[in-house]
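For reference, the structure is listed below as structure tokens.
The values are calculated or read from the model by the stated rules, or taken from the named source; none is laboratory data. Given the structure is predicted, the values throughout are model-derived calculations rather than measurements. Cβ coordinates were reconstructed from backbone atoms using ideal geometry, including for glycine residues, and neighbour counts include every protein chain displayed.
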Amino acid sequence: MHALKEARKFIEKDPFDPAAQTLSRLVLALESEVDFPISQLYTLDFQRFALALKILDEWRLDRYYAGKARLFDVSLQSAEINRAKPSA
């Protein structure tokens, strides 16, 4: 499974998961070409950290453009959901 598809499925499954939020922020930063604090990747467990590295690798390849668009859309939705989430 390609990293972009794997990340999309992971974020869709539970957009409130802290790892999903971190991956979403990474994707949004990549798409928007803004800075992303690399230290946030170190909060991920090893499996999600490896996924983040694979996302970075695949992001550079134009042939994954459609996968990037779907993942960006899911990441944007996740960010909006989390902004609207009432504080506990």
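Restricting attention to helices (runs of 4 or more DSSP H) lying wholly within segment 7-88, give those where 3 or more residues are surrounded by 11 or more Cβ atoms within 10 Å (Cβ to Cβ), in contact (Cβ under 8 Å) with a residue 40 or more places away in the chain and small (G, A, S). Break it down into steps so the answer makes sense when it comes.
Details: elements: 18-32, 46-59, 65-84.
Ranges flagged: 65-84.
Taking the residues in segment 25-40 that are over 16 Å from I11 (Cα atoms) and of a type in the set (G, A, S) as candidates, determine which candidate is modelled with the lowest pLDDT.
S32
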